[in-house]
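Data first, discussion second: the structure below is written as structure tokens.
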Amino acid sequence: MSHENLSRRNLLKGALLAVAAAPAATLMSREAAAANPLVDPADAQAKALGYVADETKVDAKANPTHKPGQHCGNCIQYTGKPGDAQGGCNLFPGKDVKAGGWCKVWVQKPGSKVG
Ligand code: SF4
């Protein structure tokens, strides 16, 4: 095998690896930018649902159904990963809620703990 054939083969290998690595790099950069903007508690929908970013600050008089320990992270509508500080909510497409947040339609996620 000639020296020219070897370097052509190496060149082709390098090109194939670069092509294969490109989608992986794109995926990784997309994941890094995956965090959605947070829901603003002052938004009309958030206000209507009584959303707060910190469930310990829920107005108990206005929300008598709230119990300490209920938060977005253990709500059935939450789509974030356990342990993450924020994640998606089915009620706010394209936005994230704080895992420690809460709103009036909170329903316990099956298998989750409250408190
Ligand atoms: S529906 Fe659940 S996850 Fe969404 S904001 Fe309300 S309490 Fe949080």
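The values are calculated or read from the model by the stated rules, or taken from the named source; none is laboratory data. Nothing here was measured: the structure is a model prediction, and the numbers come from that model. Cβ placement follows ideal geometry from the backbone for every residue including glycine, while neighbour counts extend to all protein chains displayed.
Numbers at a glance
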| item | result |
| --- | --- |
| Scan of the stretch 77-115 for residues that are touching a strand residue (DSSP E or B) at 6+ places or on another chain (Cβ under 7 Å), assigned to a loop (DSSP other than H, G, I, E, B) and β-branched (Val, Ile, Thr), ordered by number | 79, 107, 114 |
| Selection within the stretch 47-59 - more than 15 Å from residue 100 (Cα to Cα) and near the ligand (Cβ under 10 Å from one of its atoms) | 49 |
| Complete set of residues in the stretch 80-115 that are near the ligand (Cβ under 8 Å from one of its atoms) and loosely packed, with under 13 Cβ neighbours inside 10 Å | 90, 107 |
| Candidate set from the stretch 64-102 (those that are farther than 17 Å from residue 115 by Cβ and over 13 Å from the mean Cα position of the chain (by Cα)); member that is modelled with the lowest pLDDT | 64 |
